[in-house]
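The values are calculated or read from the model by the stated rules, or taken from the named source; none is laboratory data. Here the structure is a predicted model, which means the values were calculated and not measured. Ideal geometry is used to build each Cβ from the backbone, glycine not excepted, and the neighbour counts take in all protein chains shown. The area values use the complete protein model at the heavy-atom level, side chains included, leaving out ligands, DNA and RNA. Shrake-Rupley method; radii C 1.70, N 1.55, O 1.52, S 1.80 Å.
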Amino acid sequence: MPRPARRTMRRLLLALVGLGGLGVVAFLVGFVVFADRVPRREVVLAGTADGIVALTGGASRVVDAVELLASGRGRRLLITGVHRTTNSSELARNVPDFERLFACCIDLDHEARNTIGNAVETRRWTHDRGVRSLVVVTSSYHMPRAMAELGHRLPEVALIPYPVVTPARAEPWWSSAANARLLMTEYVKYIVALARMRIEPVVDLTDVAQRRPRPPAAVPPGPAT
(Lines give C-alpha, C1' and ligand atoms only; values in the text may rest on other atoms or scores of the structure.)
Protein backbone atom coordinates (compact mmCIF):
# COMPACT_ATOMS: atom_id res chain seq x y z
CA MET A 1 0.00 0.00 0.00
CA PRO A 2 1.46 3.43 -0.94
CA ARG A 3 2.56 5.65 1.90
CA PRO A 4 -0.15 8.35 1.32
CA ALA A 5 -2.81 5.64 1.41
CA ARG A 6 -1.39 4.24 4.66
CA ARG A 7 -1.47 7.72 6.19
CA THR A 8 -5.05 8.21 5.13
CA MET A 9 -6.00 4.82 6.57
CA ARG A 10 -4.21 5.58 9.84
CA ARG A 11 -5.99 8.93 10.16
CA LEU A 12 -9.33 7.28 9.44
CA LEU A 13 -8.71 4.63 12.10
CA LEU A 14 -7.66 7.25 14.62
CA ALA A 15 -10.80 9.26 13.86
CA LEU A 16 -12.96 6.19 14.31
CA VAL A 17 -11.26 5.34 17.59
CA GLY A 18 -11.73 8.93 18.75
CA LEU A 19 -15.41 8.90 17.84
CA GLY A 20 -15.84 5.55 19.55
CA GLY A 21 -14.17 6.91 22.68
CA LEU A 22 -16.44 9.96 22.68
CA GLY A 23 -19.43 7.67 22.26
CA VAL A 24 -18.40 5.59 25.26
CA VAL A 25 -17.86 8.69 27.37
CA ALA A 26 -21.25 10.10 26.36
CA PHE A 27 -22.91 6.76 27.14
CA LEU A 28 -21.33 6.58 30.59
CA VAL A 29 -22.11 10.20 31.42
CA GLY A 30 -25.70 9.60 30.33
CA PHE A 31 -25.89 6.56 32.56
CA VAL A 32 -24.63 8.48 35.60
CA VAL A 33 -27.21 11.22 35.00
CA PHE A 34 -29.95 8.61 34.50
CA ALA A 35 -29.00 6.67 37.63
CA ASP A 36 -28.78 9.78 39.79
CA ARG A 37 -32.26 10.84 38.70
CA VAL A 38 -33.88 7.54 39.66
CA PRO A 39 -35.79 8.30 42.89
CA ARG A 40 -34.57 6.63 46.08
CA ARG A 41 -37.53 7.81 48.15
CA GLU A 42 -41.26 7.48 47.53
CA VAL A 43 -43.05 10.73 46.83
CA VAL A 44 -46.04 12.15 48.69
CA LEU A 45 -48.88 13.01 46.33
CA ALA A 46 -50.42 16.38 47.07
CA GLY A 47 -53.36 16.19 44.68
CA THR A 48 -55.68 13.74 42.97
CA ALA A 49 -56.14 12.36 39.47
CA ASP A 50 -58.95 10.80 37.44
CA GLY A 51 -57.28 7.40 37.50
CA ILE A 52 -54.33 5.33 38.65
CA VAL A 53 -52.36 2.76 36.67
CA ALA A 54 -50.06 0.16 38.22
CA LEU A 55 -47.57 -1.61 35.96
CA THR A 56 -47.05 -5.10 37.33
CA GLY A 57 -43.63 -6.50 38.11
CA GLY A 58 -43.65 -6.50 41.90
CA ALA A 59 -46.23 -6.96 44.64
CA SER A 60 -45.35 -3.57 46.16
CA ARG A 61 -46.58 -1.79 43.05
CA VAL A 62 -50.07 -3.25 43.33
CA VAL A 63 -50.26 -2.69 47.10
CA ASP A 64 -49.19 0.94 46.78
CA ALA A 65 -51.61 1.55 43.92
CA VAL A 66 -54.56 0.09 45.83
CA GLU A 67 -53.66 2.18 48.88
CA LEU A 68 -53.59 5.30 46.68
CA LEU A 69 -57.03 4.40 45.35
CA ALA A 70 -58.35 3.84 48.88
CA SER A 71 -57.02 7.24 49.97
CA GLY A 72 -58.91 8.95 47.14
CA ARG A 73 -55.93 9.79 44.92
CA GLY A 74 -57.86 8.45 41.93
CA ARG A 75 -61.38 7.34 41.08
CA ARG A 76 -60.42 4.09 39.39
CA LEU A 77 -57.37 1.84 39.12
CA LEU A 78 -56.00 -0.17 36.21
CA ILE A 79 -53.54 -2.96 37.01
CA THR A 80 -51.87 -3.72 33.69
CA GLY A 81 -49.77 -6.75 32.76
CA VAL A 82 -51.54 -9.19 35.07
CA HIS A 83 -50.79 -12.86 34.39
CA ARG A 84 -53.55 -14.56 32.42
CA THR A 85 -54.30 -17.00 35.25
CA THR A 86 -54.41 -14.35 37.99
CA ASN A 87 -57.79 -13.00 39.04
CA SER A 88 -59.03 -10.25 41.33
CA SER A 89 -59.44 -12.56 44.33
CA GLU A 90 -55.77 -13.54 44.24
CA LEU A 91 -54.61 -9.92 44.07
CA ALA A 92 -57.03 -8.90 46.82
CA ARG A 93 -55.29 -11.26 49.25
CA ASN A 94 -52.31 -8.89 49.25
CA VAL A 95 -54.51 -6.01 50.48
CA PRO A 96 -57.26 -7.62 52.60
CA ASP A 97 -58.28 -4.29 54.11
CA PHE A 98 -59.26 -3.01 50.66
CA GLU A 99 -60.69 -6.16 49.12
CA ARG A 100 -64.00 -4.39 48.45
CA LEU A 101 -62.33 -2.07 45.95
CA PHE A 102 -61.70 -4.92 43.50
CA ALA A 103 -65.45 -5.27 43.01
CA CYS A 104 -66.15 -1.61 42.26
CA CYS A 105 -63.13 0.35 41.18
CA ILE A 106 -60.30 -1.85 39.89
CA ASP A 107 -59.80 -3.16 36.35
CA LEU A 108 -57.31 -5.87 35.38
CA ASP A 109 -55.47 -6.00 32.07
CA HIS A 110 -54.27 -9.48 31.07
CA GLU A 111 -53.03 -8.53 27.60
CA ALA A 112 -49.83 -6.55 28.20
CA ARG A 113 -46.58 -8.50 28.23
CA ASN A 114 -44.08 -5.63 28.46
CA THR A 115 -43.88 -1.88 28.94
CA ILE A 116 -45.03 -1.20 25.39
CA GLY A 117 -48.07 -3.38 26.00
CA ASN A 118 -48.70 -1.60 29.30
CA ALA A 119 -48.79 1.72 27.46
CA VAL A 120 -51.05 0.40 24.69
CA GLU A 121 -53.57 -1.07 27.15
CA THR A 122 -53.44 2.03 29.35
CA ARG A 123 -54.20 4.18 26.32
CA ARG A 124 -57.26 2.08 25.55
CA TRP A 125 -58.40 2.18 29.19
CA THR A 126 -58.02 5.95 29.54
CA HIS A 127 -59.99 6.51 26.35
CA ASP A 128 -62.74 4.11 27.43
CA ARG A 129 -63.01 5.67 30.88
CA GLY A 130 -62.58 9.30 29.95
CA VAL A 131 -59.46 9.64 32.10
CA ARG A 132 -57.57 12.92 31.64
CA SER A 133 -55.07 12.65 34.48
CA LEU A 134 -53.28 9.55 35.69
CA VAL A 135 -51.06 8.53 38.60
CA VAL A 136 -48.41 6.11 37.31
CA VAL A 137 -47.25 3.48 39.80
CA THR A 138 -44.18 1.39 39.03
CA SER A 139 -40.72 0.72 40.42
CA SER A 140 -38.42 3.72 40.67
CA TYR A 141 -35.85 2.34 38.22
CA HIS A 142 -38.62 1.55 35.70
CA MET A 143 -40.34 4.93 36.00
CA PRO A 144 -38.34 6.86 33.32
CA ARG A 145 -39.12 4.29 30.62
CA ALA A 146 -42.72 3.86 31.77
CA MET A 147 -43.31 7.62 31.69
CA ALA A 148 -41.72 7.85 28.24
CA GLU A 149 -43.86 5.04 26.80
CA LEU A 150 -47.06 6.34 28.40
CA GLY A 151 -46.33 9.94 27.45
CA HIS A 152 -45.70 8.88 23.86
CA ARG A 153 -49.13 7.27 23.58
CA LEU A 154 -51.05 9.56 25.94
CA PRO A 155 -49.92 13.10 25.08
CA GLU A 156 -53.33 14.45 26.08
CA VAL A 157 -53.28 12.85 29.56
CA ALA A 158 -51.49 14.45 32.53
CA LEU A 159 -49.13 11.86 34.06
CA ILE A 160 -48.13 11.95 37.72
CA PRO A 161 -45.27 9.59 38.65
CA TYR A 162 -45.45 7.61 41.87
CA PRO A 163 -42.21 5.60 42.08
CA VAL A 164 -42.18 2.53 44.31
CA VAL A 165 -38.88 2.25 46.18
CA THR A 166 -38.04 -1.02 47.89
CA PRO A 167 -35.32 -1.14 50.59
CA ALA A 168 -32.94 -2.86 48.18
CA ARG A 169 -33.28 0.03 45.69
CA ALA A 170 -33.04 2.81 48.27
CA GLU A 171 -29.24 2.56 48.42
CA PRO A 172 -27.04 4.61 46.03
CA TRP A 173 -26.58 2.73 42.76
CA TRP A 174 -22.78 2.66 43.08
CA SER A 175 -22.93 0.93 46.46
CA SER A 176 -24.37 -2.29 45.03
CA ALA A 177 -23.25 -4.27 41.99
CA ALA A 178 -26.78 -5.65 41.65
CA ASN A 179 -28.29 -2.16 41.60
CA ALA A 180 -25.67 -0.94 39.13
CA ARG A 181 -26.38 -3.86 36.76
CA LEU A 182 -30.13 -3.34 37.04
CA LEU A 183 -29.88 0.37 36.31
CA MET A 184 -27.45 -0.18 33.42
CA THR A 185 -29.87 -2.67 31.86
CA GLU A 186 -32.77 -0.28 32.35
CA TYR A 187 -30.73 2.61 30.93
CA VAL A 188 -30.04 0.66 27.74
CA LYS A 189 -33.75 -0.22 27.43
CA TYR A 190 -34.62 3.44 27.99
CA ILE A 191 -32.27 4.62 25.23
CA VAL A 192 -33.61 1.99 22.82
CA ALA A 193 -37.19 3.00 23.68
CA LEU A 194 -36.48 6.68 23.03
CA ALA A 195 -34.85 5.86 19.69
CA ARG A 196 -37.76 3.63 18.68
CA MET A 197 -40.37 6.22 19.65
CA ARG A 198 -38.79 8.80 17.34
CA ILE A 199 -39.78 6.74 14.28
CA GLU A 200 -42.74 4.74 15.57
CA PRO A 201 -46.31 5.67 14.60
CA VAL A 202 -48.55 5.58 17.67
CA VAL A 203 -51.72 4.72 15.76
CA ASP A 204 -50.30 1.54 14.26
CA LEU A 205 -49.41 0.18 17.69
CA THR A 206 -52.82 0.85 19.19
CA ASP A 207 -55.09 -0.25 16.35
CA VAL A 208 -55.24 -3.84 17.58
CA ALA A 209 -56.11 -2.82 21.13
CA GLN A 210 -58.78 -0.39 19.94
CA ARG A 211 -60.52 -3.09 17.92
CA ARG A 212 -61.09 -5.29 20.98
CA PRO A 213 -64.49 -5.23 22.72
CA ARG A 214 -64.59 -2.34 25.18
CA PRO A 215 -66.16 -2.10 28.64
CA PRO A 216 -68.76 0.56 29.43
CA ALA A 217 -67.28 4.03 29.31
CA ALA A 218 -68.79 5.35 32.54
CA VAL A 219 -66.50 5.79 35.54
CA PRO A 220 -68.32 4.72 38.70
CA PRO A 221 -67.88 6.70 41.90
CA GLY A 222 -64.61 6.03 43.70
CA PRO A 223 -64.18 4.74 47.24
CA ALA A 224 -65.31 6.84 50.16
CA THR A 225 -62.48 8.58 51.96
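Show me the GluC sites (Glu not before Pro) within segment 79-167 that DSSP assigns to loop and that have at most 14 other Cβ atoms within 10 Å of their Cβ. For GluC sites (Glu not before Pro) across segment 79-167 that sit outside H, G, I, E and B with at most 14 neighbouring Cβ atoms in 10 Å, the list reads Glu156. Annotation: per residue accessible area for segment 110-169 equals 33 Å², rounded to a whole number [probe 1.4 Å, protein chains only]. One equal scatterer on each Cα of segment 56-98, no solvent, Debye formula: the resulting log10 I(q)/I(0) at q = 0.21, 0.23, 0.27, 0.34 Å⁻¹ is -0.68, -0.81, -1.09, -1.40. Neighbours of Asn94, meaning other residues whose beta-carbon lies under 13 angstrom from its beta-carbon, give a summed charge of -3 when Lys and Arg score +1 and Asp and Glu score -1.
Computed log10 I(q)/I(0) for segment 72-196 at 0.15, 0.23 Å⁻¹: -0.81, -1.41, from the Debye equation with unit scatterers placed on every C-alpha and solvent omitted. When the solvent-accessible area of segment 94-175 is split by element, carbon and sulfur atoms take up 53 percent of it, the probe being 1.4 Å.
So, R0 is 41 Å and r is the distance between the beta-carbons of Ala46 and Ser175; what FRET efficiency does that work out to, to 0.05?
Working from the Cβ atoms, E equals 0.85.
Among 157-164, 138-145, 39-46, how do they line up by average Cβ neighbours within 10 Å per residue, starting with the highest?
On the way: 157-164: 19.6, 138-145: 22.9, 39-46: 12.0.
Order by mean packing, descending: 138-145, 157-164, 39-46.
What does the net charge come to around Ser175 if you take all other residues with beta carbon closer than 14 Å to its beta carbon, with K and R at +1 and D and E at -1? Intermediate values should be presented prior to the final figure.
Working: positive: Arg40, Arg169, Arg181; negative: Asp36, Glu171.
Once all neighbours under 14 Å are counted, the net charge is +1.
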